[in-house]
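The values are calculated or read from the model by the stated rules, or taken from the named source; none is laboratory data. The model shown is predicted, which means the values in this text are computed figures rather than measured ones. Please note: Cβ atoms are built from the backbone with ideal geometry, for glycine as well, and neighbour counts cover all protein chains shown. Accessible surface is based on the protein model in full, side chains and every heavy atom, while ligands, DNA and RNA are left aside. Shrake-Rupley method; radii C 1.70, N 1.55, O 1.52, S 1.80 Å.
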Amino acid sequence: MNPILDLLSTIPWWTWLALFLISVAVFDISQKKHTIKHNFPIVGRLRYWIETVGPEFRQYIVANNREELPFNRRHRSWIYASSKRENNFQGFGTDQDINSAGYIFIKPALLTKRLPKDHVYRENPYVLPSAKVIGLSHNRRKPYRPKQVINISGMSFGSLSGAAVEALNKGAAKFGCYHNTGEGGFSPYHNMGGDVVLNIGTAYFGIRDDDGNFIMQKLVNLTQRNPAIRMLELKLSQGAKPGKGGVLPASKITKEISDIRHVPIGKDVISPAAHSAFSNIPEMVDFIEAMAEATGLPVGIKAAVGKLDMWIELARLMVKTGKGPDFITIDGGEGGTGAAPPSFADHVSMPWVYGFSSVYKIFKEYGLTERVTFIGSGKLGLPAQAIMAFSMGVDIINVAREAMMSIGCIQAQVCHTNRCPTGVATQNKWLQSGLDPALKSERFYNYGKTLTKEILEISIACGHEHPCQFSMEDVEVAMGDNNHTRDLAVTYGYVKVPVPYDGIDKLVNCKYLGGNLTTTVQESH
């Protein structure tokens, strides 16, 4: 034993240190629980140490819990804790500036709603289907009632890594929500069990010819091969860069992306600013009807909001013809998960509350609110913001950046560089190798359940069974330095049309739930 000890004593201290660091690095690389430590062994551990002491340092030196944007620390901490099933409570009262303009106040009832012992929420407090069936009013062959009011917004494979898309789709399958593909097209990573909404942008990725023209038969073939596709969303614009196309550099086009998007390798791929399949509102409605007829699926539109003249024209045409979109997704100017010029991201299109309220008032004036399902997108994936949106007339909420954070995004804001350190928004194989889809899908599942549960708990506290029952008198917003508040009806100048609702049991037992109807509408009639 002594010779061995003598030999070991001759080894320099730095050798032991090097062996220790190598062991730590090997361990970090081999584990998949923490993406940062996998992608950046040893050094990545500093991030978790700094995160632990960060709140104390920021509180006195850098920033408080309310200063960081787009999502402040309070918002991110709630999402992270919820996704990991950790304690997401807070103590000692709120630290928010409740007198700041736009601050949300939800008004509880004096006596909360009492649920019977056999109520569905007592067995499953995470079930919350949409109050509306999408496509039924236009007699689509395959109407669809989403199983959840919280769903995943459009984020393309290409913008997000394959591992991230796979994690979200698997999480969607567990939670029961749908997963919007984004304009990058339907990929194998979207085919992991979750319901899918196919987003159709100006470049018609996956359903185009070599010149970028839309091909109807390719769309039909795609939906027939993939029954998980429940709806089609025609993207007119998005919050981050409305009215502007994009460029996918040739250097980023892999064989896989080329096959999925039906684009050539070795050439930059341009997403035009405008659609080539139509050029005005009547042609757009005809295009929507043609896709719905060919596929049998509900078809909607997604847009950020600016000028209102074409919205008015669309509403008038829908009244006149009885045709048009089955759902409308309003994206706020504050939204955006991909790259965009600051001039567009910061200044072009209205914030969500102004954009949605403007469009909703038009459709209310023309008596169209019951024919259309309204979907909100743009920083609405937090309980208070979601309740406000439901009170204003939203039926469904799409979450994007909140979903990204639930699977590991740390708001590094380098999505446009292909150097996302968590592997969420990059095509770098090494960086995305640390993102374990099995683990991260569970994280999104937990986030979705927690958000739904809190929305339900707030609804019950306000005397409602379903958030569709919220009215604009249930929520007030602070008006600024005068410390006064006004309800949403006064603030935005309209009253929400009540959503027909006949109890949660009717929703969970609906034959259209999840799009699993075995007979078509015409056949059932």
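Per-structure values
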item	result
Qualifying residue in the range 38-52 (condition: over 20 Å from LYS440 (Cα atoms) and modelled with pLDDT under 70)	yes
Every pair of residues 6+ apart whose Cβ atoms lie under 7 Å, when the first sits in the range 434-449 and is over 11 Å from THR35 (Cβ atoms) and at pLDDT 95 or above while the second is of a type in the set (Ser, Thr, Tyr) and open to solvent by 20 Å² or more (accessible area, probe 1.4 Å)	LYS449/TYR126
Output for the range 358-409, where each listed residue is among the basic types (Lys, Arg) and closer than 30 Å to SER161 by Cα	LYS379, ARG401
Criterion: on the phi < 0 side of the Ramachandran plot and either open to solvent by 30 Å² or more (accessible area, probe 1.4 Å) or touching a strand residue (DSSP E or B) at 6+ places or on another chain (Cβ under 9 Å) (or both) - qualifying residue of ILE257, ILE281	ILE257
Any chance GLY185 is over 17 Å from ASP331 (Cβ atoms), surrounded by 24 or more Cβ atoms within 10 Å (Cβ to Cβ) and either β-branched (Val, Ile, Thr) or over 14 Å from the mean Cα position of the chain (by Cα) (or both)	yes
Any pair with Cβ under 6 angstrom, 6 or more apart, that starts in the range 499-518 at a residue that is part of a helix (DSSP H, G or I) and ends at one that is of a type in the set (D, E, K, R)	ILE504/GLU465
Residue, modelled with the highest pLDDT, within the range 162-200, restricted to residues that are at positive phi and out of contact with any Lys or Arg (no Cβ under 6 Å at 6 or more places or on another chain)	GLY193
Count of the range 157-182 residues which are open to solvent by less than 10 Å² (accessible area, probe 1.4 Å) and of a type in the set (Asp, Glu)	0
Subset of the range 104-134 (residues that are in contact with a Gly (Cβ under 9 Å, 6 or more places away or on another chain), closer than 30 Å to VAL299 by Cβ and part of a loop (DSSP other than H, G, I, E, B))	TYR126, VAL127, PRO129
Hits in the range 91-115 - residues which are over 22 Å from SER471 (Cβ atoms) and either modelled with pLDDT of 90 or more or of a type in the set (Phe, Trp, Tyr) (or both)	PHE92
Members of the range 104-147 found to be open to solvent by 30 Å² or more (accessible area, probe 1.4 Å), over 25 Å from MET472 (Cβ atoms) and in contact with a strand residue (DSSP E or B) (Cβ under 9 Å, 6 or more places away or on another chain), listed by number	TYR126, LEU136, LYS142, LYS147
Sole exception among (1) assigned to a loop (DSSP other than H, G, I, E, B); (2) under 21 Å from ALA292 (Cα atoms); (3) of a type outside the set (Phe, Trp, Tyr) for VAL197, by number	(1)
Residue match in the range 208-215 (condition: in a loop (DSSP other than H, G, I, E, B), within 21 Å of the chain's Cα centre (by Cα) and at pLDDT 95 or above)	no
In the range 321-338, the residues that are modelled with pLDDT of 95 or more and surrounded by fewer than 21 Cβ atoms within 10 Å (Cβ to Cβ)	THR321, GLY322, LYS323
Residue satisfying all of: in the range 193-230; charged (D, E, K, R) and within 18 Å of SER276 (Cα to Cα); least open to solvent (accessible area, probe 1.4 Å) among these	ARG208
Hits in the range 339-381 (condition: among the small types (Gly, Ala, Ser) and at pLDDT below 90)	ALA339, ALA340, SER343, ALA345, SER349, GLY378
Counted residues, the range 265-287 - those being of a type in the set (Val, Ile, Thr) and either closer than 30 Å to TYR512 by Cβ or in a helix (DSSP H, G or I) (or both)	2
Hits in the range 27-48 (condition: open to solvent by 90 Å² or more (accessible area, probe 1.4 Å) and more than 31 Å from the chain's Cα centre (by Cα))	PHE27, VAL43
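Residues checked against (1) open to solvent by 20 Å² or more (accessible area, probe 1.4 Å); (2) part of a helix (DSSP H, G or I); (3) among the charged types (D, E, K, R):
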site: ALA386; (1), (2), (3): no, yes, no
site: VAL394; (1), (2), (3): no, no, no
site: GLN411; (1), (2), (3): yes, no, no
site: GLN427; (1), (2), (3): yes, no, no
site: LEU439; (1), (2), (3): yes, yes, no
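Matching residues to (1) open to solvent by 30 Å² or more (accessible area, probe 1.4 Å); (2) at pLDDT 95 or above:
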residue	(1), (2)
THR452	no, yes
PHE470	no, yes
ALA478	no, no
THR485	yes, no
VAL495	yes, yes
VAL499	no, yes
